[in-house]
Ligand SMILES: Cc1cc2nc3c(=O)[nH]c(=O)nc-3n(C[C@H](O)[C@H](O)[C@H](O)COP(=O)(O)OP(=O)(O)OC[C@H]3O[C@@H](n4cnc5c(N)ncnc54)[C@H](O)[C@@H]3O)c2cc1C
């Protein structure tokens, strides 16, 4: 399967656009032969390449990305670094081992990021004090009771909050109930991936704007790019939902397009109309509810749409339409800030499987892959990437076993059935969302 460069489009509407401009990256120097290639410089690929660099100081490792670092999902997410996953529905004691497994992976990812951000002094608004979950309407309020039951049963550190406490913290009366979970964090996602990319070990070389167009299996494995051919002993695919473009998982992993908006920076007076907390994040306990943050630089950022759009970013026209949905969500929460304009809106594509599982392992001889975290990839992608480096190097660990224990993914039908199925699935996600959106 051969791709073309324009099969990897991007736009200028991400968190990366809030950051200072970067130097133009160096291109690939003709044809090369290396021991390792990692394709994809999101959180999975960066964690994997960093670990490979540490494990094999004598090897040359190339990490390639089709786009600039920060333009994939890892630089376009909402920055919630999940330590404890929310499994919808009532606590089920039979699933306790699985809940614990997923949370071990999450927390390894949080710890790895925490350690790297501190060691490399990455300036990315990192706040490792956890975040909140909120409920505004009947379904999510019901779900909040389930979530508290799970946190209690799993002995996870948390604080339950009523409407007054939520209002006092965030300056909105919308949430009837909430929970603060301490394990986890918040981050400026594009600043994080840039910082990680700029501090890779010396034997790891990053090449941006260099899509891999074709993979030829063999010994060595060869990769065709527009900048030259690369031969390698081992290949890591950290390409998220775009693995299908290179012939992997095309009927198992697809892209779902999400969108959100940022306000401009709030003034001191506007900030004082919010609650006591100066930097926070709330994830809805309804699957279709908004994720909303007050960022460290004083912007309200919220995301509340998801749709199947062929695995592509939204067009400017579509993004403008979605902004109306973002705006309603913002004004409903903060009637005192209705005069505050959005500075811009953005979209991003997350990799999802039909049954919400993740991918980890050897796809074919010497070709390894990790990805598809269904909206929880900041911590999990970091842990999966790290574990994949060790696994591909012949290592063994509890983390590797936890990643390998991911359930097999269900088959996804091709288009046009996919479009109908995806529209129904996304529709289900928003059913009964009410005030939470
Ligand atoms: C709007 C939005 C909000 C989200 N919010 C959260 C959140 O708050 N918390 C959370 O945990 N998760 C969230 N997610 C999900 C999270 O961003 C992803 O799960 C995670 O970033 C996946 O990381 P990755 O490295 O596997 O993939 P990506 O970051 O997508 O990286 C894959 C990279 O591979 C590159 N690539 C693909 N094909 C090729 C090729 N052929 N050649 C070269 N390069 C290639 C791409 O350009 C891309 O940069 C959100 C996602 C979106 C879109």
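The values are calculated or read from the model by the stated rules, or taken from the named source; none is laboratory data. Because the structure is a prediction, the values reported are computed rather than measured. Positions of Cβ are backbone-derived with ideal geometry, glycine not excepted, and every protein chain shown enters the neighbour counts.
Being in a helix (DSSP H, G or I) and under 19 Å from the mean Cα position of the chain (by Cα) is the filter here; which residues of segment 403-437 pass it?
Scanning segment 403-437 gives 403, 426, 429.
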Of the conditions (1) more than 15 Å from the ligand (Cβ to nearest atom); (2) modelled with pLDDT under 90, residue 55 clears all except one; give me its number. (2)
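Considering only residues that are within 16 Å of residue 240 (Cβ to Cβ) and surrounded by 24 or more Cβ atoms within 10 Å (Cβ to Cβ), which ones fall in segment 376-402?
Within segment 376-402, 377, 378, 379, 380, 381, 382, 383, 384, 385, 388 qualify.
Suppose the filter is within 16 Å of the ligand (Cβ to nearest atom) and either in contact (Cβ under 8 Å) with a residue 40 or more places away in the chain or over 17 Å from the mean Cα position of the chain (by Cα) (or both); does residue 338 pass it?
In short, no.
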Based on this model, can you work out whether residue 121 counts as without any contact (Cβ under 8 Å) to a residue 12 or more places away in the chain and either part of a helix (DSSP H, G or I) or surrounded by fewer than 18 Cβ atoms within 10 Å (Cβ to Cβ) (or both)? yes
Please count how many residues of segment 348-373 are within 7 Å of the ligand (Cβ to nearest atom) and surrounded by fewer than 24 Cβ atoms within 10 Å (Cβ to Cβ). 2
It is to be established whether one or more residues within segment 299-318 are surrounded by 18 or more Cβ atoms within 10 Å (Cβ to Cβ), more than 15 Å from the ligand (Cβ to nearest atom) and more than 23 Å from residue 124 (Cα to Cα). no
Picking from 160, 173, 165, which residue would you name as being without any contact (Cβ under 8 Å) to a residue 60 or more places away in the chain, more than 16 Å from the ligand (Cβ to nearest atom) and part of a helix (DSSP H, G or I)? 165
Verdict on residue 296 being surrounded by fewer than 21 Cβ atoms within 10 Å (Cβ to Cβ) and outside the structural domain of residue 9 (by TED's automatic domain parsing): yes
Quick count over segment 219-255, residues being near the ligand (Cβ under 8 Å from one of its atoms), over 27 Å from residue 59 (Cα atoms) and within 14 Å of the chain's Cα centre (by Cα), is 1
Can you confirm whether segment 82-91 contains a residue that is under 30 Å from residue 16 (Cβ atoms), free of Cβ contacts under 8 Å to residues at least 24 places away in the same chain and within 16 Å of the ligand (Cβ to nearest atom)? no
Scanning segment 10-24 for residues that are surrounded by 11 or more Cβ atoms within 10 Å (Cβ to Cβ) and more than 10 Å from the ligand (Cβ to nearest atom), which turns out nearest to residue 258 (Cα to Cα)? 13
Condition check for residue 173: at pLDDT 95 or above, over 25 Å from the mean Cα position of the chain (by Cα), surrounded by fewer than 22 Cβ atoms within 10 Å (Cβ to Cβ) and closer than 30 Å to residue 270 by Cα: yes
Residue 285 passes all but one of (1) away from the ligand (no atom under 12 Å from the Cβ); (2) over 30 Å from residue 407 (Cα atoms); (3) buried (at least 17 other Cβ atoms within 10 Å of the Cβ); which number fails? (2)
